[in-house]
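A.B. asks: Please see the structure below; I have some questions.
Every read-out reported here was derived from the displayed coordinates using simple, explicitly stated rules and does not represent laboratory data. Because the structure is a prediction, the values reported are computed rather than measured. Backbone-built Cβ (ideal geometry, glycine too); neighbour counts: all protein chains shown.
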Amino acid sequence: MSGTGHTVKSYEEEMQSLNDNLVMMGSLTESQMADAMAHLSWLDWCPNTVVEGLASRLPVLCTHNGGTRELVKNNGLVIQLEEDYKMGQMVDLYRPPQIDHNIIVEGILKIIEMPKIDTRKDLNIKNTALSYSKLFK
């Protein structure tokens with residue numbers, strides 16, 4: 001976990017007592033941060049974490065269902081882990097599909113070799129706010 005400040009410090013001891021594998025990194029420079037992002041969540045159609053990853057210029061590995069692939073566009077790798085869902089199809093939330101883990105491994109190996117992506121102006125908060133203000137005028 002990275003970060004500094006009183007909030008992080010106040011939770012540090014509690015978090016480490018819950019998980020022996022947690023390592024507190026303190027502040028990180030951009031070069032010390034992630035090289036890529038993987039978002040393979042099932043049924044998360046428009047995740048903010050993907051927007052944050054793209055805004056941080058990280059190439060993103062994601063699945064093809066939902067709006068995630070539309071967010072990622074050509075700024076990462078979209079993999080198919082399951083069949084397409086049809087509009088109105090009932091989905092059992094507690095029975096995710098069986099997936100081929102080799103597809104994920106291959107995707108991760110490809111995504112970590114990708115360069116940082118260009119800044120996405122469509123994800124800039126100022127541009128987004130301006131678009132909304134024009135919409136509601």
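A.B. asks: From the helices alone, meaning DSSP H stretches of at least four residues, give me the mean residue ellipticity at 222 nm for the chain, per-run term -39500 (n - 2.57), in deg cm²/dmol to the nearest 500.
C.D. replies: -10000 deg cm²/dmol
A.B. asks: Counting residues in the chain as N, plug N into 2.2 N^0.38 Å and put the Cα Rg over that result.
C.D. replies: Normalised Rg, Cα atoms only: 1.26.
A.B. asks: Then there is this: Going down the list Lys86/Lys110; Lys86/Lys134; Lys73/Lys121; Lys86/Lys116, which pairs span over 24 Å between their C-alpha atoms?
C.D. replies: Lys86/Lys110; Lys86/Lys134; Lys86/Lys116
A.B. asks: Around Asp100, under 12 Å between beta carbons, what's the net of Lys plus Arg minus Asp minus Glu among the other residues?
C.D. replies: Summing Lys and Arg as +1 and Asp and Glu as -1 gives -2.
A.B. asks: Can you give the charge dipole size of the chain about its Cα centre, rounded to the nearest 20 debye, using +1 on the beta carbon of Lys and Arg and -1 on the beta carbon of Asp and Glu?
C.D. replies: The dipole magnitude comes to about 860 debye.
A.B. asks: So how compact is segment 1-78: Cα radius of gyration and Dmax in angstrom?
C.D. replies: Cα-based Rg and Dmax for segment 1-78 come out at 15.2, 41 Å.
A.B. asks: Counting only complete DSSP H runs, which helices of the chain cover 27 Å or more along their long axis at the Cα atoms and score a mean Kyte-Doolittle of 1.6 or above?
C.D. replies: Membrane-span-like by this criterion, though nothing is claimed about a membrane: none.
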